[in-house]
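First the structure, in the form of structure tokens, and then the observations on it.
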Amino acid sequence: MITSKFEFRSPKDVEEAVRLYREFQGEAVYLSGGTDLVPRMKLGLEKPKAVIDLKRIVPLTTVEDQGDWIRIGPLARIFDLKQNDLVGDYFPALEASLEATSCESLQMRGTIGGNLLQNSRCLFYNQSEFWRRSKGFCLKMGGESCNAVPGAKTCFANYCSDNAPALCTLSAEIELSGPDEVRRLNLEELYTNKADKPFDLQPGEILTAIFVPKKKSIGGYEKLRVRGAIDYPLLSAAFSFVDGTGKLAIGAVGPKPYVVEMKQPSHDAIGEAVEVVLKQVRPVGNTVLDPDYRKRMIPVLAGRLINKVMEGAK
Amino acid sequence: MDREYTIVGTRMTRTDSLAKVTGSASFTADLKLPRMLCAKVLRSPHPHAKILNIDTSRALRLPGVKAVVTAADAHGVKWGVFKYTQDHPMIAVDRVRYVGEDVAGVAAADEETALEALDLIQVDYEPLPAVFNPEDAMKKDAPLIHEEYANNINVHVHIEVGEVDEAFGQAHLVREDTFHAAGEAYSTLEPYATVASYANGYLDLWMPNAAPHVRAKALSNLLKMPLNKVRVRRINVGGHFGSRSEVSPGDLVTSLLSMKAGCPVKLVLTREENAACTRQVHDIQATIKTGVKKDGTITAKEFRVVYDGGAYSSTGPIAASIPYYVYEEAYRFPNVRYNGYRVITNKGIRGMYGAHGRAFLCGNEMQLDMIARELGMDPMEIRLKNGLKVGEETATKSVIISGGLEEPIRRAAEQANWTEKRAGLTEGEGIGMGCVAVMCGFPMGFRSGSACYVKLNDDGQATIVTGICDTGMGNESMAIQIASEVLGIPVEDISLVNADTVVTNLDPGAYSQAASFVGGNAVKRACEDAKRQILGFAATKMNHPAEDLDIRDRTIISKTDPSKSMPMRWIVREAFFQGKPIAATGAYMPKVDFQREWIKKPYGQMAGTFSFGCSVAEVTVDKETGQIRIPHFVAAHDCGNPINTMAVEGQIEGSVQQAGVAVLTEETRWTEGLLLNPDLLEYKVPLACDMPEIEPLIVCSNDPEGPFGAKEGGLTTRMNAYSAVVCAAHNALGVPLNEFPLTPDRVLKALDAAKGGDKS
Ligand SMILES: Cc1cc2nc3c(=O)[nH]c(=O)nc-3n(C[C@H](O)[C@H](O)[C@H](O)COP(=O)(O)OP(=O)(O)OC[C@H]3O[C@@H](n4cnc5c(N)ncnc54)[C@H](O)[C@@H]3O)c2cc1C
């Protein structure tokens, strides 16, 4: 498969990158490791006029201890980040989710920023142009209705970032730099809750930093997948316990991580937290494994994870 | 081993390994010929439709486009392995029957232009109702996909031996269960590709294939060209597993394009095309009824097996029979009725698979365990009791000349600590056993045999010329090793010329487990004849009786007086002097019943010999998540005698992955006629991290017919590994598992169903 023709630019700083974006009148995409973007371009899901490579912008690649915060450059590679001592010492949930992300060869290319901004996925969407034309276009491609749930007017694609749930449990914030402003928001606020367009991003905005409160935490990450590597999560659970409060995030069963706070992770509290998530999620048959099964595993994964984390702390 | 060989039986690095691991081996897609064009294929977007019109004029006008072909350029000949199954035009004529079917081909100066040209071809379709599963397809009012197949039944294989109903009537215990397994993808690392080069009336072809002679014959028919003008040449093949056995639509399209353009043309399929538009594996449903005596002796078997055949026949009758045969070759049952239906649906084309028939084979083995449990027997005992022995006949009258099931069972059980492990299992743990026996070759008329030429060159090195084809399993290395053993010269002194239809002689190919047993035998015989000639000249020259001479390490040497020796090349040169250069031919035809036919007469000797095997898997099942792990796997395989021990072990290990672990993960998923996972991300081939610890055990039965006692190496494990795993899971869970693969959601469903009352 070959991509459609595009121009390739390598700006040296964020301003230049944003300027290039405007030059191409929005028909440009940013490139980090490319492990999400390039497969989508090959499938013809993305046909940009220009690809703006962010890898040459050095400040975006670094990890910095800022005292109250750890600033993670979005271009930091998954493989490097999982070996970073700050991550290991402060954010065990993130360390575990980085380790669980695809496989090592992809971790060496993929970045944390690209991981957060990876597009939502569906077996009926991540297909070649031939396939999609045969089937008829779905909502996410600009069609009338969903192909995974015939007739539905909602998109059910799954947001499959392994690291977003972990970062949510750590109360991470992000910095976005766009043509007009630089804004900082909670990671959770990034999500639209709409699977066909999962991110609340303004045109041209670049993710320029991820900030995680520098507080010691205990935590972990569990991932449901068919094989021991490469596979995207079919369901994931992240948990961090910081300053006497626990946060649980459930991923890969909808357009965003579902985050619930709990004071003491008692048996009942876990049950209640899981109930909150179960009320919001509606997995459908758009990935491998039965959707009811994926839903049924939410309490199992969450319960096991939280118990393991709290046991370990004793 | 009880015999002394120099190179046979060693752990030799295969002759092809270095080139492959360093990336210097070239495959069809790597070929570059002067003036070569790039081909692309326009495919049907509909699962079933009439073609009303095809307009290629705009595509032809696009600069850079050199040729466009449609069915109008073909000759109206249809492909099918048998005369009665010729139903596949390879380029759609007036109807398309699956999404991805070849409709037109384009050859252009580059890939972009070829793709652009595809968009310019206008095809008018009239969609027809389609049917996607065999049970629906067999219904009265189902759309008929081919006029000639009533109820869409492509082939019906019926086997009947003994008094089946009476035997069931007298049985102490009868069980009937239905099992279903989703189809699989071959997932060869090399996507399909063809290079065709037509010049001066001759067509040269390269493509991943498992039998060049059979491929050339098929193409000569399809192209209406004399066979001597269609030449299939040798090329490395990146995996086969059954998928490269038959002529592929891409071969025809590429050939026609090259003939029309007058230039070499290369077609390389994408990963998606490879999955959706070349043959894949049958989805199978098997209903199995077994009757036994009180002591566990099987007295009757009845089968109804439905194979989802996709849109065309392909190997139809063979595919609808093989699972049954590899089962009857392992176990004794005097009364049997088999009804195999291969049914046409509007899904992609299907062929044979190395691990073909998992619903049937896993089903039989799991049911045997259920019966054993009801009788209070150990699963090993019931297998030993019913396993075939040397000298016995299978139900359809094939004699077993070596091996038998007992030794592989005993060896595997011993290595796996079967009895102690079974006694000490804790919650969620299970251990299971799977057995099978596999034919080495099957009747293919005069193409069942193989012939080899050998010539000795002036420095005492040899060239062997054989039709043996290597699709990645090491057949070339095997042929060289056999020649080296017989001729007494090292492997590096042997040049191999193989799998080239103009140069080499007929060979049954790399798909009926015949390469070592048949092809290897021909190589051995040719080299033995050459050796006889050499020793004849040597006897005169050395003035020593030929019977006391041998060749060792390039030297003619007396067996009784090692001081008497002479470099072999002197003898070879002497033969040249005398105008009688050393050249020999050897051939081997397996002793099979050539009257045997898959449908008309499914009785008689199926193959020259059979390989036996037993696998033992240990599993742990998480009852809350349904996830299964396989910590340990033992595979005992009677391959007669390994030509290359390491190569056989490699085949066994690959088989454990492709069948044993895959039965937890692999399935093709469909949305109507579209494959949902035509890739290697969502089609779950097990990874290194998913693999168990494997102990391959080679059992040597020293086959009386096989070259150095060899039979096939590897397929036996491929066809029993999944049974071992599902039997172990059944052992751990104690509930019937009827749906494969055993993904965690299916495991929990089975547990839920059992809670609802249906306990085994
Ligand atoms: C076979 C395979 C398996 C995978 N398995 C997993 C898995 O298990 N878990 C998982 O989480 N992911 C998985 N991935 C997805 C991907 O590899 C990772 O998410 C990776 O971290 C993405 O990072 P990247 O740098 O390659 O992203 P890119 O592909 O470069 O970018 C992803 C998206 O974000 C945009 N983007 C990137 N950086 C910025 C930025 N700074 N500002 C604004 N926009 C930006 C891009 O335009 C693009 O749309 C898998 C991918 C493949 C091919």
Going by average Cβ density within 10 Å per residue, which order do the peptides B:313-319, B:123-129, B:173-179 take, highest to lowest? B:313-319, B:173-179, B:123-129
Computed E for B:Q595/B:L173 - FRET, C-beta separation, R0 41 angstrom, nearest 0.05: 0.65
At a probe of 1.4 Å, how much accessible area disappears from chains A and B on forming the pair, both sides counted, to the nearest 100 Å²? 3000 Å²
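Got the relative contact order for the range A:1-54 handy, in percent, Cα pairs under 8 Å and 6 or more residues apart?
Averaging sequence separation for qualifying contacts and normalising by length gives 58 percent for the range A:1-54.
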Ignore the peptide's own chain and count Cβ atoms of other chains within 10 Å of each Cβ in B:204-215; give me the average, rounded. 0
If you place +1 on the Cβ of every Lys and Arg and -1 on the Cβ of every Asp and Glu, how big does the dipole about the Cα centre of the range A:94-162 come out, in debye to the nearest 20? 480 debye
Residue-normalised accessible area of chain B, expressed per residue, 1.4 Å probe, Å²: 34 Å²
How much length, in nm to one decimal, is gained on full extension between A:Q280 and A:D80, taken as 0.36 nm per residue of separation minus their Cα-Cα distance? 68.5 nm
The Kirkwood hydrodynamic radius of the protein assembly as shown, taken as the inverse of the mean 1/r over all distinct Cα pairs, in Å, comes to 31.5 Å
Taking every residue of A:228-239, the Cβ atoms of other protein chains inside 10 Å of its Cβ average out to 2
So if we plug the beta-carbon distance of B:L681 and B:D622 into 1/(1 + (r/R0)^6) with R0 = 22 Å, what FRET efficiency do we get, rounded to 0.05? 0.35
List the residues, sorted by chain then number, that are 5 or more residues from B:T555 or on another chain and whose placed amide H is less than 5 Å from its amide H. B:M568
Dividing the mean separation of Cα pairs under 8 Å (6+ apart) by the residue count of the range B:4-161 yields a relative contact order in percent of 28 percent
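Cβ neighbours within 10 Å, averaged per peptide: list B:102-112, B:709-719 in order, most packed at the top.
B:709-719, B:102-112
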A:K308 versus B:T22: modelled label distance in nm, points set 7 Å from Cα along the beta carbon direction: 4.4 nm
Electrostatic dipole magnitude of the range A:1-54 [Cβ: Lys, Arg +1; Asp, Glu -1; Cα centre; debye, to 20]: 220 debye
Amide H contacts under 5 Å for B:M90, placed H, 5+ residues apart: B:W79
Taking the Cα centre as origin and putting +1 on Lys and Arg beta-carbons and -1 on Asp and Glu beta-carbons, what dipole magnitude results for the protein assembly as shown, to the nearest 20 debye? 1940 debye
What does the charge count near B:N133 come to, summing +1 for each Lys or Arg and -1 for each Asp or Glu among other residues with Cβ under 9 Å from its Cβ? -3
For B:R35, put the label point 7 Å out on the Cα→Cβ axis and report which residues of the range B:177-218 keep their amide N under 16 Å from it. B:196-204
Exceeding 29 Å between C-alpha atoms, which entries from my cross-link table qualify? They are B:K140/B:K293; B:K66/B:K229; B:K301/B:K389; A:K47/B:K40; A:K47/B:K266. B:K140/B:K293
Note down the nm distance, to one decimal, between modelled labels 7 Å out along Cα→Cβ at B:A753 and at B:T426. 3.0 nm
Obtain the nm distance between the two label points defined at B:K50 and A:T245 by a simple spin-label model: each point lies 7 Å from its Cα along the Cα-to-C-beta direction. 6.9 nm
Anisotropy class of chain B from Cα gyration tensor, a/c 1.5 cut: oblate
Interface call, the range A:271-308: threshold 40 Å², probe 1.4 Å, accessible heavy-atom surface of protein chains, chain by itself vs complex, result A:V288, A:L289, A:D290, A:Y293, A:R296, A:R304
Counting only Cα atoms, I'd like the Rg/Rh figure for the range B:209-363, Kirkwood definition for Rh. 1.10
When the chain is fully extended, how far beyond the present Cα-Cα distance does B:V77 get from B:D459, taking 0.36 nm per residue of separation? 132.6 nm
Set of aspartates and glutamates near B:K455 by C-alpha distance (under 13 Å), chain-local residues within fewer than 8 positions excluded: B:D493, B:E528, B:D529
Extent of the range A:1-54 along each principal axis, from alpha carbon coordinates, in Å, largest to smallest? 33, 21, 12
Provide the percentage of antiparallel DSSP beta bridges, counting only those with both residues in chain B; round to the nearest 5. 75 percent
Using alpha carbons only, how many angstrom separate the centre of the range B:106-154 from the centre of the range B:688-702? 43 Å
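Relative contact order of chain B: what whole-number percent is it, with Cα pairs under 8 angstrom and at least 6 residues apart?
15 percent
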Non-local amide H neighbours of A:T208 (under 5 Å, H modeled in plane, Pro and chain starts lacking H): which ones? A:E175, A:L176, A:S177
Please give the FRET efficiency for B:A587 paired with B:V399, using the beta carbon to beta carbon distance and R0 = 25 Å, rounded to the nearest 0.05. 0.65
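In deg cm²/dmol, rounded to 500, what helix-only [θ] at 222 nm does chain A give when every DSSP H run of at least 4 residues adds -39500 (n - 2.57) and the total is split over its residues?
On the way: 11 runs with 95 residues, N = 314.
For chain A, the value works out to -8500 deg cm²/dmol.
The values are calculated or read from the model by the stated rules, or taken from the named source; none is laboratory data. Small disclaimer: the values here were computed from a predicted structure and weren't measured. Don't worry about glycine lacking a Cβ; one is built from the backbone with ideal geometry, like all the others, and counts go over all protein chains shown. We work out accessible area using only protein heavy atoms, side chains counted, and drop any ligands, DNA or RNA first. Shrake-Rupley method; radii C 1.70, N 1.55, O 1.52, S 1.80 Å.
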